[in-house]
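Colleague: Please find one structure pasted underneath; my questions will follow.
The values are calculated or read from the model by the stated rules, or taken from the named source; none is laboratory data. Small disclaimer: the values here were computed from a predicted structure and weren't measured. Because the Cβ atoms are built from the backbone with ideal geometry, glycine has one as well, and the counts that use them run over all protein chains shown. In case anyone asks, the SASA skips ligands and DNA or RNA and just uses the protein heavy atoms, side chains included. Shrake-Rupley method; radii C 1.70, N 1.55, O 1.52, S 1.80 Å.
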Amino acid sequence: MAVFQELKKGVLISLWFVFLTFPVMVIKVDPIARTVTWRWMNALYMAVGTFIIYTLVQFFIKRRGRSKPASTQKEAGSSVIHRLLDNPRRRAMLFVVLAVAAIAFPQLLSSYQTNVMTTALMYVVLGLGLNIVVGLAGLLDLGFVAFYAVGAYTYALLNHHFGLGFWTILPVGGLLAACFGILLGFPVLRLRGDYLAIVTLGFGEIIRLVLENWGEFSKGPSGISNIARPSLFGMELDLHGSIVFNYYLMVLFVIFTIFVVNRLQNSRLGRAWIALREDEIACQAMGIDKHRTKLVAFSLGAFWAGLMGVVFAGKTTFVNPASFTFMESAIILAIVVLGGMGSIVGVILGALILILMPEYLRGLSQYRMLAFGAILVCMMIFRPQGLIANIRRTYVYKKTPNDAQAS
Amino acid sequence: MTSQPILEVSGLTMDFGGIRALNALDLDVASGEIVALIGPNGAGKTTFFNCITGIYTPTEGNVWLTPPGGKKVSLNGLKPNKVTERGLARTFQNIRLFSKMTVLENVMIGRHCRTKAFILGAILRDPRTRREEQDILETSYAMLEKVGLAEHCDEFAENLSYGAQRRLEIARALATEPLLLLLDEPAAGMNPQETIELEGLIKKISREGQAILLIEHDMKLVMSLSDRIFVMDYGRKIAQGTPREIRENPAVIKAYLGEEVDA
Amino acid sequence: MDYFIELLFSGLTRGSIYALIALGYTMVYGIIGLINFAHGEIYMIGAFTAFIVATVLSIYGFPLLAIVIIAGVAAVVWAASYGYTIEKIAYKPLRHAPRLSPLISAIGMSIFLQNYVLLAQTSDFLPFPRLIRDFPFMEPIAHIIGSTDLVILVTTVVVMVILTLIIKFSMIGKAMRATSQDRTMATLVGINVNRVISMTFIIGSSLAAIGGLLIASHIGQINFYIGFLAGIKAFTAAVLGGIGSVPGAVLGSMILGLTESFATGYVSSDYEDVFAFSLLVLILIFKPSGLLGKATNQKV
């Protein structure tokens with residue numbers, strides 16, 4: 001009987017979605033040729049699709065309800081990756097395998113594949129940067145791409161006007177983005193979370209619109225081309241060489257970023273960020289300077305975006321405002337949310353999945369943004385902690401106090 | 001207990017719109033003392049805490065803190081984190097722990113204002129930062145042992161029992177090395193057994209020389225712990241004195257039991 | 001002088017459209033404290049539905065009045081259905097989640113809907129049929145105010161009056177006001193809060209659909225991306241007026257519409273959008289409670 005009820009509900013919901021999507025999915029008009037196409041099959045797909053999704057969701061909800069209310073850290077602790085990372089020997093082996101794979105990658109695969117991987121690695125770094133802001137400090141920054149743009153245009157303009165090289169500009173771009181972060185952060189970080197999100201979104205759009213409209217400064221929508229590629233000790237590289245070089249550069253960047261972010265989040269500052277995310281008032285009552293701590297997180301995130309902006313400009317040799325839309329911020333946010341806010345391994349995995357998957361499943365690439373949107377919604381509802389929840393806090397300190405006692 | 005006062009509050013007034021939540025309140029706490037602030041619900045006790053810890057900015061009045069052997073400093077207009085740095089630490093009536101952090105980490109946050117490491121220190125992990133980190137761990141662990149939560153150090157704070165959460169808040173506040181510890185209804189929601197344990201804990205902390213100002217409704221607890229009691233009603237101080245004096249004070253009886261007793 | 005009046009009316013027209021959308025933001029925010037980021041997409045879907053229905057009917061040779069009525073009703077019905085469904089899917093499960101979770105979900109929903117329309121229809125700009133013919137009696141002043149502007153203004157005023165009546169006097173309006181003041185208390189006195197929230201989404205979405213229909217027939221073209229900018233601007237207007245306040249949303253929208261109109265008329269149209277975004281950033285920084293909103297104090 002219950003099954004029949006469920007079935008009936010499923011059918012009703014399917015019908016509702018058929019109705020809901022009817023005008024957009026079924027009818028297609030051509031106002032110029034004045035023809036109407038009725039795509040009835042779409043209604044059928046919709047009905048079947050909704051029914052299947054509904055059944056699956058119900059199934060998972062039921063199953064989750066039946067399994068014990070596991071405490072989150074245990075559940076996450078049993079994940080394969082964390083078990084691998086827990087054991088020092090396995091961890092060392094994993095690192096060796098990863099290092100070999102990373103080094104061999106451009107030798108074994110084509111320039112195109114290497115280039116795609118470089119892009120994915122850039123998103124890893126961007127994701128890790130945003131992770132400091134969103135994941136650790138809990139500040140929803142929807143204008144992250146603005147700092148990316150600052151870095152990219154810093155390199156593009158200084159290279160174009162003064163012929164300055166990549167290595168000179170790299171720190172400049174990062175620092176300038178961090179300065180922008182401080183400038184913006186100073187007034188807005190006292191806002192409540194959701195307002196902060198909207199203000200940063202507004203700021204991101206302002207930067208883009210200024211770049212688009214202020215032609216004398218930024219050459220407007222046509223952008224700046226012929227930006228110098230990164231050089232290797234003054235050597236100019238050919239196209240293939242440059243792609244490979246960029247790739248290794250990004251691998252180093254990723255390692256550097258993981259190292260820094262890992263140390264930050266296990267420090268006094270990192271703990272303060274997480275505490276701030278949990279409860280601002282209690283934080284202040286414990287003597288944490290709310291503003292300063294937030295500002296540091298915000299500008300550190302911006303710094304990484306700035307660095308990546310410079311790398312982006314050097315890699316593509318061309319920048320224009322169209323690369324820095326809100327959607328770019330949304331993609332980076334989706335990476336962090338999918339991977340798991342605050343979790344380094346999660347963000348890396350999130351970036352690789354979201355950037356590589358559409359590349360390799362060509363047929364699906366047009367559904368990319370659709371999927372990103374759906375991911376944001378589904379993750380919030382079904383798994384807000386992300387694919388790989390951050391669990392470092394349960395064991396990192398465990399042995400140390402005992403050691404301290406023993407000594 | 002005739003030592004010098006640590007905390008002096010004079011003429012503290014707080015208006016919310018047209019409502020006067022605190023009315024020219026005077027209060028002082030001497031070093032090593034346990035002082036209780038009592039009064040019916042809505043008397044303005046928590047508002048008083050919020051005002052002296054910088055969460056609210058009082059309309060009028062002065063708050064001074066005097067470190068033993070040090071100079072008197074004003075707390076007027078300081079942000080909450082600065083107040084904590086100067087030496088006032090508090091717990092919250094409706095527990096405010098960092099629920100997704102471990103018990104130990106919660107206490108470590110309390111060490112924040114007594115330590116320095118920043119971005120570079122965190123990244124480079126130089127010897128000084130490492131020593132500081134070790135010190136944070138040891139001190140925090142010691143605090144947990146003091147309140148009897150050491151064996152729970154790796155659990156998430158949200159998974160602790162109610163009474164344990166209250167004790168964790170005390171440990172966290174103690175980790176800031178306060179001159180004066182402010183406890184906002186530490187026994188609220190505790191069962192009798194937990195309350196007895198809490199009483200023991202507060203006495204232990206007090207014996208170590210810690211000055212304490214507490215808000216509490218449990219009269220038995222207040223009477224057995226306090227050296228002095230301040231009574232508030234409608235934002236005003238209506239009485240002060242030793243537990244015995246307070247118990248016999250007609251104004252206090254009236255505030256608690258209503259007019260009829262008078263008649 | 002004529003130019004001034006022309007700009008004035010064009011500003012009021014813009015303001016009316018912003019107001020129709022801003023009301024949805026402000027009502028939802030008032031009830032559940034969520035910035036419904038997908039609201040701009042509801043407006044876009046309303047416009048798209050109207051476009052599809054109107055074009056189909058005109059191809060099949062329906063008379064203009066019938067087209068206007070059917071397309072309008074369809075836009076409202078579908079936009080309301082989308083609003084209702086989105087709330088059930090993306091926000092209701094997150095009602096007790098941390099504050100940022102529903103916002104992230106809303107952003108996801110917005111991106112999803114944009115791309116859903118993009119994939120199911122097209123990314124091109126589509127010509128929107130002219131639903132409003134020039135009225136003969138408007139001929140003498142047509143250079144100051146067009147017939148479409150007039151229809152937009154009149155429709156907006158009528159809609160506002162109806163909305164005010166609903167909020168002030170109907171049962172559901174009273175329940176809404178109660179819920180927005182204190183949700184727990186509203187539940188205790190027997191208000192079905194879930195129903196109130198659903199109704200809020202339905203009403204807000206219907207208003208946005210009317211706005212979508214009007215602006216699309218005014219500008220004459222639509223695409224899947226129109227919701228983003230319109231949404232942000234309407235949100236700006238809602239914040240300017242004080243988010244959560246219904247008259248505030250209307251006031252804020254009119255101010256935003258008029259300033260934009262005069263700024264583009266007398267200064268330059270290059271930075272029209274920059275202006276709106278800057279205004280948004282500045283209000284949130286300096287007066288987040290807006291013109292008519294109440295500042296809230298966090299309880300400790």
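Colleague: Looking only at segment B:77-132, how many residues end up being more than 9 Å from chain A (Cβ to nearest Cβ), in contact with a Ser or Thr (Cβ under 7 Å, 6 or more places away or on another chain) and under 15 Å from A:GLU278 (Cβ atoms)?
Modeller: Looking only at that region, the number is 1.
Colleague: Can you name every residue in segment A:173-199 that is closer than 18 Å to A:VAL145 by Cβ, within 14 Å of chain C (Cβ to nearest Cβ) and touching a helix residue (DSSP H, G or I) at 6+ places or on another chain (Cβ under 7 Å)?
Modeller: Those that are closer than 18 Å to A:VAL145 by Cβ, within 14 Å of chain C (Cβ to nearest Cβ) and touching a helix residue (DSSP H, G or I) at 6+ places or on another chain (Cβ under 7 Å): A:PHE180, A:LEU184, A:GLY185, A:VAL188, A:LEU196, A:ALA197, A:ILE198, A:VAL199.
Colleague: Among B:VAL222, B:VAL252, which is in a helix (DSSP H, G or I) and within 19 Å of the chain's Cα centre (by Cα)?
Modeller: Numbers: B:VAL252 fails: within 19 Å of the chain's Cα centre (by Cα).
So the residue among B:VAL222, B:VAL252 that is in a helix (DSSP H, G or I) and within 19 Å of the chain's Cα centre (by Cα) is B:VAL222.
Colleague: Does segment C:22-37 contain at least one residue that is touching a residue at least 12 places away in the same chain (Cβ under 8 Å) and under 23 Å from C:PRO127 (Cα atoms)?
Modeller: Scanning segment C:22-37 turns up no residue that is touching a residue at least 12 places away in the same chain (Cβ under 8 Å) and under 23 Å from C:PRO127 (Cα atoms).
Colleague: Considering only segment C:175-204, state which residues are in a helix (DSSP H, G or I), over 15 Å from C:VAL246 (Cα atoms) and open to solvent by 40 Å² or more (accessible area, probe 1.4 Å).
Modeller: Once the filter is applied, which keeps residues that are in a helix (DSSP H, G or I), over 15 Å from C:VAL246 (Cα atoms) and open to solvent by 40 Å² or more (accessible area, probe 1.4 Å), segment C:175-204 yields C:ARG183, C:THR184, C:MET185, C:THR187, C:LEU188, C:ASN194, C:ARG195, C:MET199, C:ILE202.
Colleague: Go through the residues of segment C:123-142 one by one and say whether even a single one is free of Cβ contacts under 8 Å to residues at least 24 places away in the same chain, among the hydrophobic types (A, V, I, L, M, F, W, C) and in a loop (DSSP other than H, G, I, E, B). Please lay out each step first, then the result.
Modeller: Filtering segment C:123-142 for residues free of Cβ contacts under 8 Å to residues at least 24 places away in the same chain gives C:134-142.
Keeping just the survivors that are among the hydrophobic types (A, V, I, L, M, F, W, C) gives C:135, C:137-138, C:141-142.
With in a loop (DSSP other than H, G, I, E, B) added as a condition, the list becomes C:135, C:142.
Yes; the residues of segment C:123-142 include at least one that is free of Cβ contacts under 8 Å to residues at least 24 places away in the same chain, among the hydrophobic types (A, V, I, L, M, F, W, C) and in a loop (DSSP other than H, G, I, E, B).
Colleague: Another question, if that's okay. Going by the conditions given, is B:VAL222 under 13 Å from B:VAL35 (Cα atoms), open to solvent by less than 10 Å² (accessible area, probe 1.4 Å) and either outside the structural domain of B:ASP15 (by TED's automatic domain parsing) or touching a Lys or Arg at 6+ places or on another chain (Cβ under 9 Å) (or both)?
Modeller: On the way: under 13 Å from B:VAL35 (Cα atoms): yes; open to solvent by less than 10 Å² (accessible area, probe 1.4 Å): yes; either outside the structural domain of B:ASP15 (by TED's automatic domain parsing) or touching a Lys or Arg at 6+ places or on another chain (Cβ under 9 Å) (or both): no.
No.
Colleague: So, restricting to helices (runs of 4 or more DSSP H) that lie completely within segment A:199-307, which ones have at least 2 residues that are over 23 Å from the mean Cα position of the chain (by Cα)?
Modeller: Numbers: elements: A:215-218, A:239-265, A:268-278, A:280-285.
Of the helices (runs of 4 or more DSSP H) lying wholly inside segment A:199-307, those with at least 2 residues that are over 23 Å from the mean Cα position of the chain (by Cα) span A:215-218, A:239-265, A:280-285.
Colleague: Then there's this: Please determine whether any residue of segment B:186-198 is surrounded by 23 or more Cβ atoms within 10 Å (Cβ to Cβ), touching a residue at least 40 places away in the same chain (Cβ under 8 Å), of a type outside the set (Lys, Arg) and over 25 Å from B:HIS112 (Cα atoms).
Modeller: Within segment B:186-198, not a single residue is surrounded by 23 or more Cβ atoms within 10 Å (Cβ to Cβ), touching a residue at least 40 places away in the same chain (Cβ under 8 Å), of a type outside the set (Lys, Arg) and over 25 Å from B:HIS112 (Cα atoms).
Colleague: Here is a list of conditions, (1) within 22 Å of A:GLY270 (Cβ to Cβ); (2) more than 10 Å from chain A (Cβ to nearest Cβ); (3) at pLDDT 90 or above, and B:THR176 meets all of them except one; can you say which number that is?
Modeller: (2)
Colleague: Residues that are open to solvent by less than 50 Å² (accessible area, probe 1.4 Å), modelled with pLDDT of 90 or more and closer than 26 Å to C:GLN181 by Cα, at least 1 per element: which helices (runs of 4 or more DSSP H) completely within segment C:213-300 meet that?
Modeller: On the way: elements: C:226-241, C:246-266, C:272-286.
In segment C:213-300, the matching helices (runs of 4 or more DSSP H) lie at C:226-241, C:246-266.
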